[in-house]
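Derivation of every value follows stated rules applied to the coordinates shown; laboratory data play no part. In this text the structure is predicted, and so the values were computed from the model without any measurement. Using ideal geometry, Cβ is built from the backbone for each residue, glycine included, and neighbour counts are taken over all protein chains shown.
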Amino acid sequence: MINYTAKYTKIASGYMGQLVEWPEVVTEGKDLEDCRAMLRDALNEMILAYKELGKEVPLGNALIEQLAVEVEHVGQAT
């Protein structure tokens, strides 16, 4: 079992979903639930395609961390 990290972005038509570890796996859905389902389907299709082509499936299990920054203070001398 491999775990992939999904990133969802709100767009005008709903949501865009993309895998962090495999950016070529990207899709859109009308809402978050639809986008999740579409992304899972896109992942399954991409795995099948890679296996048929004899390509190595990218590893998952990325570590995601948010970094906070005060934008107005960036570049100012302290």
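Which residue, Leu39, Val71, Tyr15, has the largest displacement toward the positive end of the dipole of the chain when charges sit on each Cβ (Lys, Arg +1; Asp, Glu -1)?
Result: Leu39.
Would you kindly state how much longer the chain becomes between Arg36 and Ile64 on full extension, computed as 0.36 nm times their sequence separation minus their alpha carbon distance, in nm to one decimal? Could the numbers behind the result be given before it?
Working: separation 28, 0.36 × 28 = 10.08 nm, distance 1.84 nm.
So the extension gain works out to 8.2 nm.
Name the most mobile residue of Leu19, Leu59, Leu39, meaning the one with the largest mean-square fluctuation, in a Gaussian network model of the chain with Cα contacts below 10 Å.
Leu59
Between Glu72 and Glu52, what length in nm is gained on full extension when 0.36 nm per residue of separation is reduced by their alpha carbon distance? Can you show the working numbers first?
On the way: separation 20, 0.36 × 20 = 7.20 nm, distance 5.00 nm.
That works out to 2.2 nm of additional length.
Using the alpha-carbon atoms, what tilt in degrees (0 to 90, nearest 10) does helix 32-53 show relative to the longest principal axis of the chain?
It is inclined by approximately 60 degrees.
Using only alpha carbons, build the gyration tensor for region 6-73 and give me the equivalent ellipsoid semi-axes, biggest first, whole Å. Show your work: numbers first, answer last.
Working: eigenvalues 136, 67, 14 Å².
Output for region 6-73: semi-axes of 26, 18, 8 Å.
Considering Cα pairs under 8 angstrom that are at least six residues apart, work out the relative contact order of the chain and quote it in whole percent. Could the numbers behind the result be given before it?
Values: 93 pairs, mean separation 19.8, N = 78.
For the chain, the relative contact order is 25 percent.
Okay, helix-only estimate at 222 nm for the chain: each DSSP H run of n ≥ 4 adds -39500 (n - 2.57), divide by all residues, round to 500 deg cm²/dmol; what do you get?
On the way: 1 runs with 22 residues, N = 78.
Rounded to the nearest 500, the figure is -10000 deg cm²/dmol.
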